[in-house]
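Shown next, in structure tokens, is the structure this report addresses.
The values are calculated or read from the model by the stated rules, or taken from the named source; none is laboratory data. Being a predicted model, the structure only gives us computed values, none of them experimental. Glycine also receives a Cβ, built like all others from the backbone with ideal geometry; neighbour counts cover every protein chain displayed. The protein model used for the area step is the full one, side chains on, heavy atoms only, and it has no ligands, DNA or RNA in it. Shrake-Rupley method; radii C 1.70, N 1.55, O 1.52, S 1.80 Å.
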Amino acid sequence: MGGGSAQLFRVAKRDGARVTLTLDGETIDATAGDSVLAALLSHGSVLRRLEFGGEPRAGFCLMGACQDCWVWSDAGGRIRACTTPVANGMRLFTEAQVQTLG
């Protein structure tokens with residue numbers, strides 16, 4: 001994910017179970033009830049890079065209307081990070097993963 005320090009900072013303690021997910025193999029700790037976007041931006045300032053030029057993206061509308069927060073799941077589909085709740089064991093990627101036929 002990279003991009004330096006966190007984009008979001010928690011100002012109030014949240015109760016909830018600890019959840020662990022990964023983004024491009026990097027372990028991210030979150031709290032149950034967090035959105036994927038909030039969890040990822042609490043650990044870095046960049047969510048992904050724009051496919052058509054490489055500019056850093058970190059979400060835009062934060063309500064599921066734009067397409068700025070897409071990340072890809074290990075199942076191969078993409079999700080909107082701003083409207084998807086975290087789940088323990090999620091494996092996410094900043095770019096689509098190439099599926100190989102076995």
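Laid out as a table, the results:
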| item | result |
| --- | --- |
| Point-to-point label distance, residue 74-residue 15, nm (Cα→Cβ direction, 7 Å offset) | 3.1 |
| Rg and Dmax [Cα atoms of the stretch 15-102; Å; Rg one decimal, Dmax integer] | 12.7, 44 |
| The stretch 18-93, accessible surface, carbon-and-sulfur percent (1.4 angstrom probe) | 53 |
